[in-house]
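Note sheet for the following structure.
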Amino acid sequence: MKRTLSIIAAMFVAAMAYSQTPELRPEVFDLIDLDRSGMENVKTLHQNGQDAEAAAALLDYYRGRKGIVTATIRDLSKVKISPEEKKWADEGLEHTFFVHYGYQPSYNYGEDINWKFWPVKDMELRWQLHRHKWWVPMGQAYKVTKDEKYAVEWTKQYIDWIIKNPYDDPDKENLGFSWRPLEVSDRLRKQPDMFMLFVDSPAFTPEFLTEFLVNYHKHAEHILANYSEHGNHLLFQAQRMIGAGCFFPEFKRAKTWSDSGVGILNREINLQVFEDGGHYELCPHYHLATINIFLEALETADINGLRDLFPQNYIDKVESMIMYYGNLCFPDYENPCFSDAKTIHKDEMLRNYRRWSKVFPENEAIRYWATEGKSGKLPEYLSKGYLNTGTFIFRNSWGDDATQMVVKAGPPAFWHNQPDNGTFELWYKGHNLFPDSGAYIYSGDDEIMKWRRWFRRTDSHNTITLDNKDIDNTDSKTLLWDAEASTPVLVTENQGYEGFSHRRSIFFVDRKYFVIVDEAHGPASGTVNLNYQMPMGEIVFNTSNMTAATDFEDGSNMILKCFAPENTEMAISDGWHSPAYRTKVERKKISFNTTKAEGEVTRYITVIVPKDEPGDNLKITASFISKAFSQNSLSIQVKVGKDRKQKLSYELK
């Protein structure tokens, strides 16, 4: 009987917690500058002890406020909602919350919302619940349909979240999720949009306004005291603090917030972005994100008449970042899946280029990409090297008929980088023939971390390992890059392990096919593994000839042939490619494994020929002319099919 009564009591308390109405928060009047123009009535009522009436006057002020918008909603009359967003909004009414694309269908968090529900022990699933991704869609649905159910439910959920996720939460585990600075900054960015969408609703009461403003102020102060040390998290936080200060200039601390964000971005754009325009995490996904962080800060400044807060150097750096990204991507607008990247598709990239083109209307290349070639023009060069970032692009065309290889061989990098120096992707006539592995997942319990480690590990990329171990150092040096030579050539070297350096030389022969020379030198001994990740689909392997060839019917194929030391074994194993979070596609990987004795040099030649027809019926020969490894030179000869024999060489100066 006691247990039954306890359960009933608990249910009653929980129900009351969810249905609790907002309370008037008189401390809001200490946070607002009541001497600001338009606040006269609010100030008088507050000074007379009439805080309820002052809150109503404050709501009238905000409902009548003009000229302040966000970078994402500039005109409320043009608010729309997509079918997907409408689904999130409607499911949100039933507490089925869209948290992450990687977890679909979405989970239901209970009639009495359980903000601690963690159905899969993936850190992202728990963190991103507190980004409230369904709330702005609820606002869009309200604005489009005028149905009060969205506003009523949103205000309930908003107050419920405040009650159950207090800033001084004694549950430290939950506090680490609900008040992690990145999530706090995400809410800081989205809540002005919610404010604009819902403020005219009867459900948005004066009492709710005070709850909202006190909570929002707490968020901004939390960021100010807990900025991340570096990386994209710091950029997100700074950009959102600018937005907070600009959207709510009524707060006494508003200028402090926005000034802190401006100062950080002006500093970090020179620390995090190399002179060539690449972002220092060496990950296409986060490079794209940081472009839009810097750009949204600029847009926010623009719409508030504050463009002069950002010097010309800042604007130029953003433009160089866009040009880097445009060069990195393939003719179908998709990016290489280096490091923790996901595949961004053409429709999303067109939206990005159209946005960027408005900021940089004189840039012909950005306009070309924004209009799919209807206006503007492409760069005059084809191949391009970014020596600071360690990104190199071989291409023979900008069109759909292109052969394009993108190589990643850069300096040490931050968290979203992977130990993959020397890896590459190769695109030919509409098909990515060597897609990198991607990320699949980030962090969580042991099962999740098992997959995290698989996708990050060095032998899951197109590069060399020693004893299948991850490389210890990721600091490639560019020894030679010549894009204008009759045979474009790249030579990079990375000391991946103690006593073990990997030199990779790539020749773009006749601008049709690639010859890769890998030389492992140094005193270290063990089994050298030359790893290649195959494309998805039918592959023909011949271990005796050390070849792999695609068998595709779409006119985009390749053959790979490796010339390796004696007693090398060609191993075929299962592999994966992840184009999106928690999405993985089966494929094969191959490795050419040979024993390296102490002090020996292990040398491979790999010829990769993109071609139209499927199969492995192409004769390829290759050999070293220079029989011994040299620190300063290389000379080999190669013959492919009926083409003339090619001598390929370089001398370092």
TODO: Go through region 361-381 and count every residue that is part of a loop (DSSP other than H, G, I, E, B), open to solvent by 50 Å² or more (accessible area, probe 1.4 Å) and either within 20 Å of P284 (Cβ to Cβ) or hydroxyl-bearing (S, T, Y) (or both).
DONE: 1
- [ ] Go through the residues of region 606-620 one by one and say whether even a single one is farther than 21 Å from K561 by Cβ, over 33 Å from the mean Cα position of the chain (by Cα), open to solvent by less than 40 Å² (accessible area, probe 1.4 Å) and in contact (Cβ under 8 Å) with a residue 12 or more places away in the chain.
- [x] no
Task: region 532-558, residues that are open to solvent by 10 Å² or more (accessible area, probe 1.4 Å), within 22 Å of W454 (Cβ to Cβ) and in a strand (DSSP E or B) - done: I539, F541
Open item on the list: Give all pairs with beta carbons closer than 6 Å in which a residue from region 225-247 that is touching a residue at least 60 places away in the same chain (Cβ under 8 Å) meets a residue that is among the hydroxyl-bearing types (S, T, Y) and assigned to a helix (DSSP H, G or I); count only pairs at least 6 apart in sequence or on separate chains.
Closed with: N232/Y286; N232/T290; G243/T300; C246/S258; C246/T300
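Out of the residues in region 121-139 meeting the condition of being open to solvent by 10 Å² or more (accessible area, probe 1.4 Å) and in contact with a strand residue (DSSP E or B) (Cβ under 6 Å, 6 or more places away or on another chain), tell me which one is farthest from A580 (Cα to Cα).
K121
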Open item on the list: Can you tell me which residue is farthest from Y150 (Cα to Cα) among those in region 101-115 that are open to solvent by 50 Å² or more (accessible area, probe 1.4 Å) and in contact (Cβ under 8 Å) with a residue 12 or more places away in the chain?
Closed with: Y101
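Taking region 80-100 as the search range and keeping residues that are assigned to a loop (DSSP other than H, G, I, E, B) and open to solvent by 30 Å² or more (accessible area, probe 1.4 Å), which one is nearest to P119 (Cα to Cα)?
If we filter region 80-100 for residues that are assigned to a loop (DSSP other than H, G, I, E, B), which is where we start, we get 80-82, 94-95, 98-100.
Within this subset, residues satisfying the condition of being open to solvent by 30 Å² or more (accessible area, probe 1.4 Å) are 80-82, 94.
Details: K80: 32, I81: 29, S82: 28, E94: 18 Å.
Once the filter is applied, the top-ranked residue is E94.
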TODO: Read through the list (1) over 24 Å from T492 (Cβ atoms); (2) assigned to a strand (DSSP E or B), then give the number of the only condition that K561 fails.
DONE: (1)
TODO: Need at least 1 residues that are farther than 17 Å from K408 by Cβ and among the acidic types (D, E) per element, so show me which strands (runs of 3 or more DSSP E) inside region 465-524 make the cut, counting only ones lying wholly within it.
DONE: 477-482, 513-521
- [ ] Sort out which residues of region 614-637 are among the acidic types (D, E) and modelled with pLDDT of 95 or more, and write them in order of number.
- [x] none
Open item on the list: One residue is enough: does region 627-635 have a residue meeting the conditions surrounded by 22 or more Cβ atoms within 10 Å (Cβ to Cβ), touching a residue at least 60 places away in the same chain (Cβ under 8 Å) and in a strand (DSSP E or B)?
Closed with: yes
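Evaluate region 505-515: report whether one residue or more is under 22 Å from D340 (Cα atoms), in contact (Cβ under 8 Å) with a residue 24 or more places away in the chain and among the aromatic types (F, W, Y).
No: region 505-515 contains no residue that is under 22 Å from D340 (Cα atoms), in contact (Cβ under 8 Å) with a residue 24 or more places away in the chain and among the aromatic types (F, W, Y).
Quick one: is T595 of a type in the set (S, T, N, Q), open to solvent by less than 60 Å² (accessible area, probe 1.4 Å) and in contact (Cβ under 8 Å) with a residue 12 or more places away in the chain?
It is false that T595 is of a type in the set (S, T, N, Q), open to solvent by less than 60 Å² (accessible area, probe 1.4 Å) and in contact (Cβ under 8 Å) with a residue 12 or more places away in the chain.
Quick check: anything in region 272-282 assigned to a helix (DSSP H, G or I) and either at pLDDT below 95 or open to solvent by 40 Å² or more (accessible area, probe 1.4 Å) (or both)? Spell out the reasoning first.
At the first step, the residues of region 272-282 found to be assigned to a helix (DSSP H, G or I) are 272.
Imposing the further condition that a residue be either at pLDDT below 95 or open to solvent by 40 Å² or more (accessible area, probe 1.4 Å) (or both) reduces the set to none.
No, region 272-282 contains no residue that is assigned to a helix (DSSP H, G or I) and either at pLDDT below 95 or open to solvent by 40 Å² or more (accessible area, probe 1.4 Å) (or both).
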TODO: Select from region 480-531 the residues that are open to solvent by less than 20 Å² (accessible area, probe 1.4 Å) and polar (S, T, N, Q) and list them in ascending order.
DONE: T492, N494, S501, S505, N529, N531
- [ ] Kindly provide the set of residues from region 231-264 that are charged (D, E, K, R), part of a helix (DSSP H, G or I) and either buried (at least 24 other Cβ atoms within 10 Å of the Cβ) or in contact with a strand residue (DSSP E or B) (Cβ under 8 Å, 6 or more places away or on another chain) (or both), ordered by number.
- [x] R240
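The values are calculated or read from the model by the stated rules, or taken from the named source; none is laboratory data. Please read all numbers here as calculations on a predicted model, not as lab measurements. Cβ sites come from the backbone with ideal geometry, for glycine too, and all protein chains shown count toward neighbours. Accessible surface is based on the protein model in full, side chains and every heavy atom, while ligands, DNA and RNA are left aside. Shrake-Rupley method; radii C 1.70, N 1.55, O 1.52, S 1.80 Å.
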